[in-house]
Each structure stands twice: as structure tokens, then as C-alpha cells.
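Take a look at the structure below.
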Amino acid sequence: MVDWLGLAIPFAYLAVLIGSMATFSSLYRKRKAAKAASLGPWFPPHLQRNIYLSLLHLEGSKKVPDTVLKAALLRRATEDIHRIIAVRTGKQACSNLLQRGSVGDELWQRFQRAERETEEELRDVVNEANGIQPGWGQTIFQSANEIANHDLIRRRIAEEETETAREKDWWEKKRAGIQSDFMRELEDEKRSTSATMDAPVLATNKGGAPVNAGTRGGSDDDAVLVEAGGPAAPGGTQQQTSGGGGGGKKKKGKK
Amino acid sequence: MDALAFTQLPLAYDPDTKAVSSPSAPPSLAAELADLTALHKSLLALDNPSKVPPPPVPVNPRRSAQIQKLRESGNAAYRKGQHHEAVKLYGLGISMALSRPDWEPASLVREEASGLFANRAQAHMAVQQWAEGGGDAKCSVELKKVGNAKAWWRRGKCLCEMGRWEEAREWVREGLGMEGGEADLVALSKEIDAALEKRRK
């Protein structure tokens, strides 16, 4: 006859042992998961992925054509290229910092999670691409890499263009400033000579006009120059009129 | 992050304008959707029936040939002294080089556009448009830093002409670092040093 009471003791022992182990393990895992979840993500939310999946899940009359999905998947792959580059370049630096103790273990964990997620994401994109068009998975990241480079080029050129426009404005103003300064100097000179000697005013004015033309020969409105010089010449005996001519030129210079 | 989880965005597609849009989208989403729409349109313009971008190489040589042609006619105009015409032709070439479809090799864009920008800088300089010339030369350098001594020199020269000596010195120094003792750049650097010396006195 089996001794049930005698057998119950080892069974009870086993039950308690396994039960406590299971409780500990589940608690430990829960806590670890909670801790991992509380760590901030390395990358911001994947906008392109959200767009792609949102488009994919549009149903019925709102269903989008395949080409839109292809474009959205390409955009998603482009963002993944940025991320995988960030991960690859950051990895060495991050592990160095960790070894030296400059950063905490938490940062390293976040980084590793980001790396894992990015790799999963790449596999996912390849699968999606092959699902849309067999064989596309092999080339989608080549294309995405070029798109990423193109984006960079476009951004830089656009920046340079705004910069150039600003420089151009600045230079036009400065050139106008230099010219008006020069004109003023010329006027002052003229005034002083006309004040000392009344008779040869006409001569100095005549001398003045070619000088003007010479200084502005480099600018693009030569035609205006002659015109602007015109009114000053006939009434050249008066200081006022020659001053007016100078003013007119200033405006032309700013144009 | 769960592999299957995602945020459902309120998106809508308009078959007429071929635009994907979202009501009251934040700026980042709106910008991304604009990029998506542009990419979609360029996909639709593809020849192949699957509308999937081909691998980056081999490249369709048609666009390169057209760019080359614009460049040559620009060079011809420049040699004849029609500098404004040359600026226009180079500009056309630049926009053609920059509008190459996104999935084609970006290195090709850099190569072609940097040459055209350098040439346009020279044409601008011939008509004394220093600001534009300097900007174009900078774009050229931005696209191709090494082996582009002419563009380095041109921007340096433009800065000198505008009287920005300090900037010119910095620029030429950087250029010398990249190009390593290019004779023209060395000469320009000496010129700048002399001018700065003179101004200090």
C-alpha cells in the first residue's frame, strides 16, 4: 500500500519550490520589462513608417493606389538609412564611452534597443518591398541611399541660395554706399574749388562728368549714367544743379 | 516598440492632384507629406510599367548628355564674351543636374553640378557680379571639396573684390588645406595678406 501521507511531503516541497521560483521569475521579468519600457526611445517616432502603415490600412473607397504605397515605402526606407547610419557611427563612440564609464548602463541599453529595432525595421522594409514587387527588396535600400544623399544636396544648395541672395542685397547696398560716398567727396571737392574761384566752375564740372562715368563704368547701367550726367552739364554753372545730378545718381546706384 | 504597433494618422489621398494630405497636420508631417507627394509624382513619371525605381546603376545617359550640351554651349558663349548668356545657359544646366530623379546616383549630381556652378561663378565674375559669383563658387565647393581648386580660388577672389579681406583669408586658408599648395591659391593668399597688411598701416 502506498503511503500517501509520506509522499505528500516531498510533493509539497516540490510545489512550494516551483511556485516560489515561478513567482520570482515572473516578478523579475515584469520589473525588467517595466524598466526597459520606461527608458526613453533613442529615435523619435518613425513618422514615415506611420505614414506607410496608415496608408496601407486605408480601406474601401479611401484605398490608395500602389504607386503611393511604393513612394511611401521609399520614404520609409530613406528614413531607415538615416537611422542605420546614426546607429553605425554612434556605436563605436557609445561603447568607448561606456568602457570609460562616462555614460551609464542605461544609455547603452537604450542604444542596443535602438540598434535591434532598426535592424528589425530594415528586414521589415525588405519584406514589404518584396511583397509589393518581387525582387525590389534587393535594390530598395540602394535607391533609398541615393534619395538620402539627394535630400542632403538639395538642402545645402537651398541654404546657399538664400545666403547668396542675402549677400547680394548686402553688396548692392554697400556698393551704393561706396558710390554715394565717392560722389559726396567729389561734390565737396567741387564746392571747394568753386568757392575759391568763380570763373572756372564750368571747367571743373566738365572735368567732373567724365570722372563719374569712369568710376561707374564697371556697373551695368552705363546707359543711365549718360542720362544722369546730362542735366548737370547744361546747368553746370550752378552748384545746386550739379548737386541734384549727384542725388539722381545715388538713386540709380541703388536700383 | 512593438514590431506591429504604429500610430494611425488621418491621411487622405486625392486621385486628381495625386497629393496625400492630412487635416490639421503639424509642420513636420505636412513637410513629409509634401516630400512623399513629390516622390510619388516622380515615380509616376517612370517608364517601366511596375513604377518601381530601377537600381541606381546603370544610369540613363540621356540627361547627362543634355547637361553636357548645355555646358558646352555655355562655354562657347563665355568664350565669345556673351557672359550674361553664358550665365543663363549654365543656370539651365544646373537646374537640369539638380532635378535628376532622386534614386539616380547622387555622386553624379555632385560632379556635374559642381562643375557648372564653378563655370557660372566665372561668368558672373566676368561681369563683376561678385556676390553671385562668390555664392556660386561656394555651392561648387560645397558639392565637391577636393580637386576643385578653381572654385576655391574664385570665391576667394570675389570676397577680395567685395572688400571682405578677413573672410577671404579664412576661406583661402581652408582651401589650401583641402587642395594643398595649389599655385593660384598660394598667390591669392599672398595678395590677401599684402592687402590686410596695407590696411592695418
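The values are calculated or read from the model by the stated rules, or taken from the named source; none is laboratory data. Keep in mind that this is a model prediction, so the values were computed, not measured. Here the Cβ positions follow ideal geometry from the backbone for every residue, glycine too, while neighbour counts run over all protein chains shown. Accessible surface is based on the protein model in full, side chains and every heavy atom, while ligands, DNA and RNA are left aside. Shrake-Rupley method; radii C 1.70, N 1.55, O 1.52, S 1.80 Å.
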Quiz item: Out of (1) crowded, with 21+ Cβ neighbours inside 10 Å; (2) of a type outside the set (Ser, Thr, Tyr); (3) closer than 20 Å to B:Gly133 by Cα, what's the single condition that is false for B:His83?
Solution: (1)
Self-check item: Residue selected from region A:44-74 under the condition small (Gly, Ala, Ser) and at pLDDT 85 or above, by the criterion farthest from B:Ala5 (Cα to Cα)
Solution: A:Ala71
Exercise. Sort out which residues of region B:116-147 are more than 10 Å from chain A (Cβ to nearest Cβ) and out of contact with any helix residue (DSSP H, G or I) (no Cβ under 7 Å at 6 or more places or on another chain), and write them in order of number.
Key: B:Gly147
Quiz item: Taking region A:161-172 on its own, how many of its residues are within 7 Å of chain B (Cβ to nearest Cβ) and within 17 Å of the chain's Cα centre (by Cα)?
Solution: 2
Exercise. Search region A:53-69 for residues that are under 18 Å from B:Ala34 (Cβ atoms) and pair each with any residue that is of a type in the set (Lys, Arg) when their beta-carbon atoms are under 9 Å apart and the residues are at least 6 apart or on different chains.
Key: A:Thr67/B:Lys18; A:Thr67/B:Lys51; A:Val68/B:Lys18
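To keep it simple, each residue is scored yes or no on (1) surrounded by 12 or more Cβ atoms within 10 Å (Cβ to Cβ); (2) modelled with pLDDT of 90 or more.
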site: A:Gly101; (1), (2): no, no
site: A:Leu107; (1), (2): yes, no
site: A:Arg113; (1), (2): yes, no
site: A:Glu119; (1), (2): yes, yes
site: A:Val126; (1), (2): yes, yes
site: A:Pro134; (1), (2): no, no
site: A:Asp151; (1), (2): yes, no
site: A:Arg154; (1), (2): yes, no
site: A:Glu159; (1), (2): yes, yes
Exercise. Considering (1) without any contact (Cβ under 8 Å) to a residue 60 or more places away in the chain; (2) at the interface with chain B (Cβ under 10 Å from one of its Cβ atoms), say which one A:Leu97 fails and leave the rest.
Key: (2)
Exercise. Any residue in region A:158-178 that's among the hydroxyl-bearing types (Ser, Thr, Tyr): show its pairings with residues that are open to solvent by less than 60 Å² (accessible area, probe 1.4 Å) and in a helix (DSSP H, G or I) at Cβ separation under 7 Å, as long as the two are six or more apart or on different chains.
Key: A:Thr164/B:Ala131; A:Thr164/B:Glu132; A:Thr164/B:Gly135
Exercise. Kindly check whether there is at least one residue in region A:88-98 that is crowded, with 16+ Cβ neighbours inside 10 Å, assigned by the TED database to the domain that holds A:Ala144 and touching an Asp or Glu at 6+ places or on another chain (Cβ under 9 Å).
Key: no
Practice problem: Identify, from the list A:Arg113, A:Arg88, the residue that is of a type outside the set (A, V, I, L, M, F, W, C), within 10 Å of chain B (Cβ to nearest Cβ) and more than 30 Å from B:Ala19 (Cβ to Cβ). | Solution: A:Arg113
Quiz prompt | region A:59-74 - residue that is at the interface with chain B (Cβ under 7 Å from one of its Cβ atoms) and open to solvent by 10 Å² or more (accessible area, probe 1.4 Å) and, of those, farthest from A:Pro134 (Cα to Cα) | solution = A:Lys62
Quiz item: Out of all the residues in region B:14-28, which are away from chain A (no Cβ under 11 Å) and open to solvent by less than 70 Å² (accessible area, probe 1.4 Å)?
Solution: B:Ser21
Quiz prompt | Leading residue by the ranking (farthest from the chain's Cα centre (by Cα)) among those in region B:47-79 that are more than 9 Å from chain A (Cβ to nearest Cβ) and more than 20 Å from B:Gly115 (Cβ to Cβ) | solution = B:Pro49
Quiz item: Yes or no: B:Val109 surrounded by 16 or more Cβ atoms within 10 Å (Cβ to Cβ), within 11 Å of chain A (Cβ to nearest Cβ), hydrophobic (A, V, I, L, M, F, W, C) and under 20 Å from the mean Cα position of the chain (by Cα)?
Solution: yes
Quiz item: Do any residues in region B:58-71 that are open to solvent by less than 90 Å² (accessible area, probe 1.4 Å) have Cβ atoms under 7 Å from those of residues that are outside any helix (DSSP H, G or I), where the two are at least six apart or on different chains, and which pairs are they?
Solution: B:Val59/B:Glu104; B:Val59/B:Pro105; B:Arg63/B:Arg100
Quiz prompt | Positions within region B:169-188 being farther than 21 Å from B:Arg199 by Cβ and open to solvent by 50 Å² or more (accessible area, probe 1.4 Å), in sequence order | solution = B:Glu174, B:Gly177, B:Met178, B:Gly180, B:Gly181, B:Glu182, B:Ala183, B:Asp184
Quiz prompt | Test: residue in region B:141-153 that is assigned to a helix (DSSP H, G or I), within 18 Å of B:Gln68 (Cα to Cα) and β-branched (Val, Ile, Thr) | solution = no
Quiz item: Within the group B:Gln82, B:Gln8, which residue is in contact with a helix residue (DSSP H, G or I) (Cβ under 8 Å, 6 or more places away or on another chain) and among the polar types (S, T, N, Q)?
Solution: B:Gln8
Quiz item: Does region B:3-10 include one or more residues that are touching a strand residue (DSSP E or B) at 6+ places or on another chain (Cβ under 8 Å) and either surrounded by fewer than 15 Cβ atoms within 10 Å (Cβ to Cβ) or closer than 26 Å to B:Ala113 by Cβ (or both)?
Solution: no
Quiz item: Picking from A:Ala158, A:Ala176, which residue would you name as being part of a helix (DSSP H, G or I), in contact with a helix residue (DSSP H, G or I) (Cβ under 6 Å, 6 or more places away or on another chain), under 18 Å from B:Ala131 (Cβ atoms) and more than 9 Å from chain B (Cβ to nearest Cβ)?
Solution: A:Ala176
Quiz prompt | Of residues in region B:116-156 being open to solvent by less than 30 Å² (accessible area, probe 1.4 Å) and among the aromatic types (Phe, Trp, Tyr), the one farthest from the chain's Cα centre (by Cα) | solution = B:Trp152
